[in-house]
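Here, each number is a calculation from the coordinates, and none is a lab measurement. This one's a predicted model, so the numbers in the text were calculated from it and none came from an experiment. Positions of Cβ are generated from backbone atoms using ideal geometry, with glycine treated the same way; all protein chains shown enter the neighbour counts.
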Amino acid sequence: MSDTPIWGCEGCAGTGGRTSCPTHRGIIFSDEAPAAPRIAELERQLAAAKAARHEAESILASATDLANSWARDSGIAEAPMPRRIKEVIDDLWGYWSTRWNAEKAAREKAERAANLLETAYPVKLMAAERALIQAEADLATERARLTFRRLQDEQKPWVAHNFAGRHDYFPLLGAVEELGELAHAHLKQAQGIRGTPAELEALAQDAIADIVIFLSDYCTARGFDFQALMEETWAKVKQRDWKADPLNGCSAIDDARAKDSK
C-alpha cells in the first residue's frame, strides 16, 4: 500500500505518511482498491466536516447576536460581522470593567458615609433636639413676657369689671398714693424702724409695681399707648449726654436739631 500523504491532511504530513496518520491509517488507498468505497468514505468525511462547520457557524452567529445585544445595551458599537465579534467582546470587557470598578468605589464611599452617619447622626440629632427645645422655651418666654402694651390689653377688661364708670383721674391718684408708700418704705428702711429690712424692701418693690399698674390704667383712661410713650421717650432720653453737657444734657442729635431750627 502506498504511503503517500493525503494532500491537505495535517496528520499525514506530521507523521510522514498516511499509514501512521490517526485519521487515514486503516483506510486502503491502493490502486487495486475499489474506487466506490473510497469515494463514499471521502463523501462521508466531507459531510461531517460541513456539518461541523455549520454547527460552528451557528454557534458563532448566536454568540454574535448575544454580544451585539449586550453592546446595544451598553452603548457600544456592534460587530458588523461574526469575524469582528472579538473586538466587541474586548470593548464590552473594558466597559464593564470600568463600570464595575466605579460601582465598587461608589459602594465603598456609601459604606464610609453610612458608617460616618451612624456615629455622627445621634450626636447631631441630640444637638438639634436641644436647640429645638431651647427655641420652644424662648418662644414661650417671649410670649409670656409682660410688656406695657400687653399690660394695658389685659387690664382693660379687669378694670371694666371691677371699676366700671370710674373717673379717668382715679388711676393717677392711685399712682400718687403708691408713690407715697414707696417713699415711706424707703425712709423707714433708711431709719431702720417700722419693720425688718426685708419687709420694708418687699413693700418698696410692691409699691413700684403698683405705680406702673396705675400708670398703665391712667394711660388707658386717657387713650394713651403706654408702650409707645415709653419707647419714644426713652429713645430721646438715652441720647442725652450729661457728661458732655452738664448744663442741658444735649446730645449731638439735639445740637443738630437746634441748628436746623434756626
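Rounded to whole Hz and in sequence order, give me ³J(HN,Hα) for segment 51-61 from the Karplus expression 6.51 cos²θ - 1.76 cosθ + 1.60, θ = phi - 60°, writing x for Gly and Pro.
Couplings: 5, 5, 5, 4, 5, 5, 5, 5, 4, 5, 5 Hz.
Under the Karplus relation 6.51 cos²θ - 1.76 cosθ + 1.60, θ = phi - 60°, what is the ordered set of whole-Hz ³J(HN,Hα) values for segment 135-146, x standing for Gly and Pro?
For segment 135-146, the Karplus-derived couplings read 5, 5, 5, 5, 5, 5, 5, 5, 5, 8, 5, 8 Hz, x marking Gly and Pro.
Among residues other than L173 whose Cβ falls under 15 Å from its Cβ, what is the net charge (Lys/Arg +1, Asp/Glu -1)?
-4
Whole angstrom only: what separates the Cα centroid of segment 149-187 from the Cα centroid of segment 52-101?
One Cα centre to the other: 98 Å.
I want to verify the translational diffusion coefficient of segment 49-99 in µm²/s; compute it with Stokes-Einstein, Rh as the Kirkwood radius over Cα pairs, at 4 °C and 1.567 mPa s.
This corresponds to a translational diffusion coefficient of 114 µm²/s.
Using only the alpha carbons of segment 156-224, what is the convex hull's orientation-averaged projected area in square nanometres?
Computing the convex hull of the Cα atoms and averaging its projections yields 4.9 nm².
Among the trypsin sites (Lys or Arg not before Pro) in segment 137-246, which ones are in a DSSP loop with at most 15 other Cβ atoms within 10 Å of the Cβ? Mind listing them?
R145, R166, R194, K238, R240, K243
Please grab the % of Cα pairs in segment 84-232 that end up more than 18 Å from each other.
Pairs farther apart than 18 Å: 77 percent.
Tally Lys and Arg at +1 and Asp and Glu at -1 over the other residues with C-beta under 11 Å from the C-beta of A63: what net charge comes out?
Here the count lands on -1.
Within 10 Å of each residue's Cβ, count the other Cβ atoms and sort C250, C219 from fewest upward.
C250, C219
Taking the Cβ of A202 as the center, what net charge do the other residues with Cβ under 15 Å away carry, scoring Lys and Arg +1 and Asp and Glu -1?
The answer is -4.
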